[in-house]
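Before any comments, here is the structure.
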Amino acid sequence: MNNPFSHLIEQITHGRRMVRSPSESHAQDRPATKTDKMRQYLRQRGEASASDLAIEADLCGSTGNVYALLKTDIAKGAIELRGGLYCWVDSFDQDEHQRIQDAIRTLRRAGYTVIKEAE
């Protein structure tokens, strides 16, 4: 899959490979967080209420914390709120999202201004 930034990254980095930091490469070694538990639950079920997610993540029934823990996933498009239910977006591609974020960082470091495209 070819994203729109690949040519620009190639030009800016002169073909050098970008290396991830050690903390990113060892991310799979850490234990599941409350947010990870909710993500996994949504992947399996497709949708869930805030109270179901709070129970799944051991939040002691505190549904107010569900949105706070999932707000980053909602902002990047991995999870949507529909009719009071949190829904996993099947078409969301984490690897592609990460590549785009890396491209944006590279472009900004090179002095470019990156703006979000209007939907």
Specify the residue that is farthest from Gln94 (Cα to Cα); the eligible residues are those in segment 61-76 that are over 18 Å from the mean Cα position of the chain (by Cα) and surrounded by fewer than 12 Cβ atoms within 10 Å (Cβ to Cβ).
-> Gly61
Please find, within segment 77-109, the residue that is surrounded by the most Cβ atoms within 10 Å (Cβ to Cβ) out of those that are touching a Phe, Trp or Tyr at 6+ places or on another chain (Cβ under 9 Å) and assigned to a loop (DSSP other than H, G, I, E, B).
-> Ala78
Residue pairs meeting the criteria (Cβ under 6 Å; at least 6 apart or on separate chains; first farther than 11 Å from Arg43 by Cα, in segment 70-93; second open to solvent by 50 Å² or more (accessible area, probe 1.4 Å)) = Leu85/Glu47
Determine if segment 47-60 includes at least one residue that is touching a residue at least 40 places away in the same chain (Cβ under 8 Å) and surrounded by 12 or more Cβ atoms within 10 Å (Cβ to Cβ).
-> yes
Answer yes or no as to whether Arg39 is charged (D, E, K, R) and within 30 Å of Ile12 (Cβ to Cβ).
-> no
Looking only at segment 110-119, count how many residues are without any contact (Cβ under 8 Å) to a residue 24 or more places away in the chain and open to solvent by less than 60 Å² (accessible area, probe 1.4 Å).
-> 1
Filter segment 81-92 down to residues that are farther than 17 Å from Lys71 by Cα and among the charged types (D, E, K, R), then give me how many there are.
-> 1
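Can we say Asp29 is within 30 Å of Ser6 (Cα to Cα), out of contact with any His (no Cβ under 6 Å at 6 or more places or on another chain) and modelled with pLDDT under 85? Spell out the reasoning first.
Working: within 30 Å of Ser6 (Cα to Cα): yes; out of contact with any His (no Cβ under 6 Å at 6 or more places or on another chain): yes; modelled with pLDDT under 85: yes.
Yes.
The values are calculated or read from the model by the stated rules, or taken from the named source; none is laboratory data. In this text the structure is predicted, and so the values were computed from the model without any measurement. Ideal geometry is used to build each Cβ from the backbone, glycine not excepted, and the neighbour counts take in all protein chains shown. Surface areas here come from the heavy atoms of the whole protein model, side chains and all, with no ligands, DNA or RNA. Shrake-Rupley method; radii C 1.70, N 1.55, O 1.52, S 1.80 Å.
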